[in-house]
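Novice: Okay, here's the structure, questions in a sec.
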Amino acid sequence: MLQKFIDNTFYLLFLFTLVFGVVFYDTTKFLSFIDELCAVSLCLLYAYYIFHTPNWSINKLFLITLGVFFFYLFYSFYIHSNVKSAIISDFIIQIKPYLAFFTVYAFAPKFNDQMKKNIRLLAIVFSFYLFGIGIISLFDDTILEILLHHRSRLATASTIMALLYLFCSDYTTKDKIIFIALLSICLLSSRSKAYGFFTIAVFFIFYLNKNFKLEFNWKNISLGAILLTLTIIIAWDKIHLYFIQGGFGDGRETSDLYARMALYYFSTEVYMDYFPFGSGFATYATFTSGQYYSPLYNKYGMDILYGLTEYEPKFIADTYYPALAQFGIIGTILFFLFWIHLTQKTLKLFNTNNLKYFIISLLIIIFFLIECTSDATLTHNRGLFMMMLLALSIREMKKTINLQQKSHENHYSK
């Protein structure tokens, strides 16, 4: 009865988040609190689950993650990184995606066939909606700006719809083709990272099959190298701007690219000046550091740059990796260790019988690693939804392995 309640409640919350936290989030300011509402709802559902289970089992990594975030919260208060309201606000924003992942992973909801059918239908309907916006935007950006706010939102939303369809599908050849068709809508965004992700997704769908063996051999290494090369070529302009050219020099003072480059450039100074734990919450490259204008921008002379000024900080949270400077070298290492752990867990759970979930899990991890270069999607509404989907996918991989082990045990016990 408990699991049935969890499944049904989560299903409704999942649909609510999909509709108002992914598709129509940017249409009105009224929806701006949806991701926080969803995060709180997940925590309440998790608490209900914990209190109704006999062993009160809590994931150790979840406890460690909570410990790390609370350490940085008190650390930020101690060094007075910003005003208290700013610190608390940034703390909530930064911890949201991890709450989404660990809570969903813990109570392990399962969709029945009818639920999956409904989700597939919604994914297709919303994909047509996004496709229409994308086509119109090729001639006039007005509709896109009203409904999605920015082209990057078209890319992330269409990616979510494609992965969601694949997750709820039977993973037939027809389903693979539909997935690629839905994902291709992201190409209308004209974002380099969308092109790169699309290339990786197509490769995974057609190369990773029932005959695939997860091992380091010349075939896998060679194809992996080719894929990496193609992705770098496609995204080379952005790689050159952010990581090679550095903070200044292209003369595009009125572009978001210029602001991002500056954020990357000065993050190195933040790392050095606030070694080893960083400058604290609400100080650098985050929404709250612009809302409660951080003194660091004045300290490093960034307060005169377009999009990073106190009165127009619209590009301050336009990327994520530079924001890791808030947590210093220690926090940055912990961040990447988290993603390495999830990657290792995904690889360890690989089985030809859970191939669909293996691909989805890897693609979501890659999605975040790419997105963090030029967007703060991880801490936004669509990032929260993706983390929920990642938790579901890894959980399904684990369920498949457990069922196989039980089947083998029953077989040998006879």
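Any read-out appearing in this document is the output of simple, stated calculations on the displayed coordinates, not a laboratory observation. Computed from a predicted model, the values in this text were never measured in an experiment. In this analysis, Cβ positions are derived from the backbone assuming ideal geometry, glycine residues included, and neighbour counts consider all displayed protein chains.
Novice: Calculate the spin-label point distance for Ile146 paired with Val202, positioning each point 7 Å from the Cα along the beta-carbon direction, and give it in nanometres.
Specialist: With each label point 7 Å from Cα toward Cβ, the separation is 3.3 nm.
Novice: Pairs Lys84/Lys398; Lys176/Lys399; Lys60/Lys117; Lys116/Lys314; Lys84/Lys110; Lys60/Lys116: which exceed 29 Å Cα-Cα?
Specialist: Numbers: Lys84/Lys398 41 Å; Lys176/Lys399 22 Å; Lys60/Lys117 34 Å; Lys116/Lys314 38 Å; Lys84/Lys110 40 Å; Lys60/Lys116 31 Å.
Flagged as over cut-off: Lys84/Lys398; Lys60/Lys117; Lys116/Lys314; Lys84/Lys110; Lys60/Lys116.
Novice: Now for a separate question. What is the Å³ per residue value for the convex hull set by the Cα atoms of region 256-395? Walk me through the numbers on the way to the answer.
Specialist: Working: hull volume 13.9 nm³, N = 140.
About 99 Å³ per residue, rounded to a whole number.
Novice: Ordered by packing density, taken as the mean number of other Cβ atoms within 10 Å over each peptide's residues, highest first, how do 296-303, 264-271 rank?
Specialist: My ranking of the peptides, most packed first, is 264-271, 296-303.
Novice: Per residue of region 311-322, in order, report the coupling 6.51 cos²θ - 1.76 cosθ + 1.60 (Karplus, θ = phi - 60°) as ³J(HN,Hα) in whole Hz, putting x for Gly and Pro.
Specialist: Listing the rounded values in order: 8, 8, x, 5, 10, 5, 9, 8, 7, 10, 3, x Hz.
Novice: Now for a different question. With the chain treated as a Gaussian network of Cα nodes joined by springs under 10 Å, which of Ser89, Ser361, Ser294 yields the largest mean-square fluctuation?
Specialist: Ser89
Novice: Among the complete DSSP H segments of the chain, which ones combine at least 27 Å of alpha-carbon extent along their axis with a mean Kyte-Doolittle hydropathy of 0.5 or more?
Specialist: Numbers: long enough: 60-79 (28 Å, 1.77); 84-107 (33 Å, 1.07); 113-137 (36 Å, 0.95); 328-348 (30 Å, 1.11); 381-413 (48 Å, -0.49).
What comes out of the filter, once short or polar helices are dropped, is 60-79, 84-107, 113-137, 328-348.
Novice: For a quick check: sort Phe358, Phe126, Phe275 by the number of other beta carbons within 10 angstrom, fewest at the front. Walk me through the numbers on the way to the answer.
Specialist: On the way: Phe358 25, Phe126 22, Phe275 11.
Fewest-to-most ranking of Phe358, Phe126, Phe275: Phe275, Phe126, Phe358.
Novice: Using the Kirkwood radius built from alpha carbon pairs, what does the Stokes-Einstein equation give as D for the chain at 37 °C and 0.692 mPa s, in µm² per second?
Specialist: On the way: Rh = 22.5 Å.
So the translational diffusion coefficient is about 146 µm²/s.
Novice: Going highest first, how would you order 63-70, 174-181 by mean Cβ packing within 10 Å?
Specialist: 174-181, 63-70
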